[in-house]
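Structure first, then comments.
Read-outs: derived from the displayed coordinates by stated rules, not from any lab. Source: prediction; values computed, not measured. Cβ placement follows ideal geometry from the backbone for every residue including glycine, while neighbour counts extend to all protein chains displayed.
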Amino acid sequence: FANEKLQQFFNFWTFKREESVYDSEKIVYKKVKFIDNQGVLDLIEKKRVGILPMIDEEIKIPKGSDKTFMKKLEQKHMKTKEYKRVLRRPDNFIVVHYAGNVEYSSESFLVKSKDRMTDDLYTLITGTKFAFLKNLFSDSVAASNKTLGS
């Protein structure tokens, strides 16, 4: 994902921005062909339909699971050219990145994506002199090991 963002940044400043400057100054130039990776970024991060927002949504659903996530991902993106199914491994999918295909396993996607407060952070906050912060994080919250936001 970070490489896709960097590629988009490079494309914008190297190609798109320069083309707009040339156009505004009426400079004749030969257009350079480049891979526009906006489709991959949309697949990964677009609100409500991207992989990351879909993971966040599935975490919030009481019976959300890796399997239900995969079902929804497949339904939403079966016609997206940057997304491919892996027929032999139904829990996997492929993202067609600008640099090539990458296969991802959805196994434990939701568990790995849950934000858990670390013990160090809990110790730091509960050791504060500020009563307000101490009260926010009582021993019952730490003992339950719940995720933030749940």
Lys/Arg Cβ at +1, Asp/Glu Cβ at -1, dipole of the chain taken about the Cα centre: which of Leu87, Tyr122, Val40 is farthest positive-ward? Leu87
With a point put 7 Å past each Cα toward its Cβ, work out how far Ser20 is from Asp91 in nm, to one decimal. 4.5 nm
Log10 I(q)/I(0) at q = 0.11, 0.14, 0.17, 0.23 Å⁻¹ for region 28-128, from Debye over equal alpha-carbon scatterers, is -0.45, -0.63, -0.81, -1.22
Going down the list Lys46/Lys67; Lys47/Lys112; Lys60/Lys134; Lys47/Lys72; Lys30/Lys81, which pairs span over 18 Å between their C-alpha atoms? Lys46/Lys67; Lys47/Lys112; Lys60/Lys134; Lys30/Lys81
Under 5 Å between amide hydrogens, which residues at least 5 positions from His97 or on another chain qualify, with H placed 1.01 Å from N in the peptide plane? Val102
Square roots of 5 times each gyration tensor eigenvalue, C-alpha, region 1-74, largest first, Å: 38, 10, 9
